[in-house]
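Laboratory data are not the source of any read-out in this text; all were calculated from the coordinates shown. The model shown is predicted, which means the values in this text are computed figures rather than measured ones. Glycine gets a Cβ as well: all are built from the backbone with ideal geometry, and neighbour counts include every protein chain shown.
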Amino acid sequence: KKLVQNGSRLRLPPLPSPRDLINLYKLRAKKQLSQNFLLDKRLTDKIAKAAGAIKDGDVCEVGPGPGSITRSILKRVPGRLIVIEKDPRFLPFLEMLQEASQERLKVVLGDILSVDMQKLFREDLRMQWDDRCPNIHLIGNLPFSVSTPLLIQWLRDISLRQNAWSYGRVRMTLTFQKEVAERIVAEANGRQRCRLSVMCQNWCDVKHVFTISGSSFVPPPDVDVGVVTLRPKIEPIIKEDFHLVEKVVRQMSTFRQKKCIRSAQTLFPPHVREEMAVKLLHLAEVNPDTRSFQLTLEEFKRLVSAFSYMCQDYPKLLKYQYGGNSNDKEFWENNESRDLDIGEL
Ligand code: SAM
């Protein structure tokens, strides 16, 4: 069984198809692992193509399952392909591909939420952050149950230039429920605009490349699936610490359709809430009548910096959690800044 390279394409030796293998091993999709397999070669090729030029680069595929996207990636001749799969039932499938690919493929059994990618790729592919993107790619038809928390975790890693992003601005090609894909790319004022849109667009250039009908998957999920590419920006729009940005964006999105002054109030404890929200919007030069979903990234930038400024005088504001402090009054009374005089801000 030999692997044949023809220019920029690589032909795998004849292998049983993922569909045959699933039948052979009598594999049933596990609901708790969100297993919906994509077995249509045209579509898996399209996902691999969406990742751009991967020839000779390092690719990490998340959740390869029976390996159909894996095959499409291999055909595009990456230097190395590392697949990270949680379900050991797929090991025989992946090991067969590993052998056929002449060790170009490396299989890691593990949970992507805890895999450390800090040393996963080849050193010579490393790039400076402000240089072009390295030839390193993350690709995945992610389990829906982990896709959003994973994306948030990765955005934080991007902000800190750690994990895979210690190698530079590593690009991602990922699948989400179509609605989530639409949220990721939604502009201010858009129907799907939400905090995920702001967080993703602050650190990455995002693109919803195409949609796959749910009926193309085995078993079919109830929803369609969107393929999204994310490319880390050299400079995020809002440069403050990830957690501070997340806090302000989360709270400012509390009441999506209402005037943003209502959402802004949730950043502050009850007894100073109204005055401080006015102060925040005034400092940030944001019109309090703007609806939360209409806020632009530039407005969020001013809001985060105004909130950060207010926190310098009252650091406990950073810890305040709307609805999270079981006794708001007590929290504030035990707080050194309880004599908060908003006039000073
Ligand atoms: N890529 C395959 C395809 O397109 O046919 C499978 C996609 S299926 C939606 C998601 C895959 O991710 C499954 O193989 C599942 O076992 C795996 N998976 C689920 N949670 C995971 C995790 N936390 N880390 C790594 N793999 C995971």
For this session: May I ask for the equivalent-ellipsoid semi-axes of region 78-175, computed as the square root of five times each C-alpha gyration tensor eigenvalue and listed largest first in whole Å?
Result: 23, 18, 10
Problem set entry | Spatially proximal aspartates and glutamates relative to K49 (Cα-Cα < 14 Å; intrachain offsets below 8 disregarded) | E61
Problem set entry | Pairs beyond 30 Å (Cα-Cα), from K207/K279; K178/K233; K86/K119; K75/K239 | K207/K279; K75/K239
Problem set entry | Ratio Rg/Rh, restricted to the chain and using Cα atoms, in which Rh is the Kirkwood radius | 1.05
For this session: Report, by chain and number, residues whose modeled amide H sits under 5 Å from the one on T290, excluding near sequence neighbours (fewer than 5 apart, same chain).
Result: C260
Exercise. To the nearest 500 deg cm²/dmol, what mean residue ellipticity at 222 nm is calculated for the chain from DSSP H runs of n ≥ 4 alone, each contributing -39,500 (n - 2.57), summed and divided by the residues?
Worked result: -10500 deg cm²/dmol
Problem set entry | Share, in percent, of DSSP beta bridges within the chain that are antiparallel, nearest 5 | 50
Seminar exercise, completed: Ranked by GNM mean-square fluctuation in the chain (Cα springs under 10 Å), the top entry among L81, L109, L97 is L109
Exercise. Roughly how tilted is helix 144-160, in degrees to the nearest 10 and between 0 and 90, from the longest Cα axis of the chain?
Worked result: 70
Exercise. HN-Hα J couplings of region 261-278 from phi, Karplus 6.51/-1.76/1.60, θ = phi - 60°, integer Hz, Gly and Pro as x?
Worked result: 4, 5, 5, 4, 4, 6, 7, 10, x, x, 6, 10, 3, 5, 5, 5, 5, 4
For this session: For region 127-143, just list the computed ³J(HN,Hα) in residue order, Karplus coefficients 6.51, -1.76 and 1.60, θ = phi - 60°, integers in Hz, with x standing in for Gly and Pro.
Result: 10, 5, 4, 8, 8, 5, 5, x, 7, 9, 9, 10, 10, x, 8, 6, x
Exercise. Taking N as the number of residues in region 53-126, what is its Cα Rg relative to 2.2 N^0.38 Å?
Worked result: 1.03
Seminar exercise, completed: Cα-Cα pairs in region 117-238 separated by more than 24 Å, as a whole percent of all pairs, come to 28
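Where does the charge balance sit around D124 when Lys and Arg score +1, Asp and Glu -1, over other residues with C-beta under 13 Å from its C-beta? Walk me through the numbers before you get to the answer.
Details: positive: R80, R122, R126; negative: D56, D58, E123.
Surrounding charge for D124 is 0.
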Exercise. When the Karplus curve 6.51 cos²θ - 1.76 cosθ + 1.60 is applied with θ = phi - 60°, which whole-Hz ³J(HN,Hα) does each residue of region 72-85 get, with x for Gly and Pro?
Worked result: 5, 5, 4, 4, 8, 6, x, x, 9, 10, 10, 10, 10, 10
For this session: Give me the Debye-computed log₁₀ of I(q)/I(0) at q = 0.10, 0.12, 0.19 Å⁻¹ for region 170-297, equal point scatterers on Cα only, no solvent, two decimals.
Result: -0.39, -0.53, -1.03
Seminar exercise, completed: Highest GNM mean-square fluctuation among S114, S292, S253, for the chain with Cα springs under 10 Å, belongs to S114
Problem set entry | Residues E275, E298, E85, E182, sorted so that the one with the fewest Cβ neighbours within 10 Å comes first | E298, E275, E182, E85
